[in-house]
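Worksheet for the structure shown next.
Just so it is clear, none of the values below were taken in a lab; they were calculated from the coordinates. Being a predicted model, the structure only gives us computed values, none of them experimental. Reconstructed Cβ throughout: ideal geometry from the backbone, glycine too, with neighbour counts over all protein chains shown.
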């Protein structure tokens, strides 16, 4: 990240306002900055994204979209958001007229991702969408098509793909410093006594949608391969809460070259680890998907210390630079689609009692 930023600066990214070729990208603090509007002002926007946008170099919070009018005065006062940059879900399409906003970040319940991502794309704005990308592969493809039609970029909020130690996992998948990968274990979960909408099937609830995409996506980039088969089982210890969706999902992914990933996710268990076994050694991250403090080590004693930067700020700056320089996103819509294709198979296998199912490539 630092080397890449240094290169971009030296290659002329930071131009003066007079030479800026894109009129709706404003200057702040001597740098080009993209204006971001957050859609949905729930916990993640409130506690992670909005604060992170105060630390970014290439983007800043300029607008909000909310269905909760009572939240508007607090957000306007705290982040100096003018009335002209405040929208609701009914008039969100009018952002098309607002040159101060370049990116719309969808931070809504899973079932709403596709609808509002498409509205954002049709407004001519770049789209950042939280994970999971959508409810099914059909919705994912519609989102990708809308962004392509409107010539805007689409990124999925896989913050771990921007985090230093998880990026080391990606690199080692290519270089095999400990020999060929044989198997891995990835677990992500937490105990929730009040899951809210995440217990509702029509909202996209369930542990697999919310937390399961972490071990799923991580298994893919930590092996550098796409799964060819899956088997899965869902369970719950609290049927009074999880009558519609999975509280816990356990799934096994089979990859080419005989690599196997054993994964588990839950709203009823605290777990947060990635372990990768290779022919000549092993390495791990624990925790691997926390908002901070991601760290690990190797079988030969190497230490992988935490990144020391705000993950969401790094993620959004990476995505902003991809827009400013017209480069591919680190986690584009196609990556989210690949996860959803596998996720649908995971649910299908769980419904069939753990039946092994082959996965057709994208």
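Compute a Gaussian network model of the chain, connecting alpha carbons closer than 10 Å, and tell me which residue from 164, 138, 345 fluctuates the most.
138
Please work out whether the stretch 251-301 counts as rounded, prolate or oblate from its C-alpha gyration tensor, where a ≥ b ≥ c are the square roots of the eigenvalues and a/c under 1.5 means rounded, while otherwise a/b larger than b/c means prolate and anything else oblate?
oblate
Among 139, 240, 334, which one shows the highest mean-square fluctuation when the chain is modelled as a Gaussian network with alpha-carbon springs under 10 Å?
Comparing 139, 240, 334 in a Gaussian network model of the chain, the most mobile one is 240.
If I build a Gaussian network model for the chain, linking alpha-carbon pairs within less than 10 angstrom, which residue out of 171, 153, 71 has the largest mean-square fluctuation?
Of 171, 153, 71, the most mobile in the Gaussian network model is 71.
Over 20 Å, how big is the tail of the calculated P(r) for the stretch 147-240, in percent of all Cα pairs?
Of all Cα-Cα distances in the stretch 147-240, 53 percent exceed 20 Å.
Taking the alpha-carbon centroid of each part, what is the distance from the stretch 251-313 to the stretch 179-214 in angstrom?
15
So what's the back-of-envelope 222 nm ellipticity for the chain, counting only DSSP H runs of four-plus at -39500 (n - 2.57) apiece and dividing by all residues, rounded to 500?
The per-residue figure over the chain is -8500 deg cm²/dmol.
For the Cα atoms of the chain, what angle does the longest principal axis make with the long axis of helix 333-351, in degrees from 0 to 90, nearest 10?
Tilt of helix 333-351: around 40 degrees.
Which percentage, to the nearest 5, of the DSSP beta bridges contained in the chain is antiparallel?
60
According to a simple spin-label model (label point 7 Å from Cα along Cα-to-Cβ), what is the distance in nm between residue 91 and residue 74?
Computed distance between label sites residue 74 and residue 91 equals 2.3 nm.
Measure nothing fancy, just the Cα-based angle from helix 213-223's long axis to the longest principal axis of the chain, in degrees from 0 to 90, nearest 10.
80
How would you rank 222, 299, going from fewest to most other Cβ atoms within 10 Å of each one's own Cβ?
Least crowded to most crowded, the residues run 299, 222.
Mind pulling the angle between the C-alpha long axis of helix 164-175 and the longest principal axis of the chain? Nearest 10 degrees, somewhere in 0 to 90.
So the helix axis and the longest Cα principal axis differ by about 60 degrees.
What's the exposure ranking of 309, 97, going from fewest to most Cβ atoms within 10 Å?
97, 309
Over the chain, what is the relative contact order in percent, taking alpha-carbon pairs closer than 8 angstrom and at least six residues apart?
17
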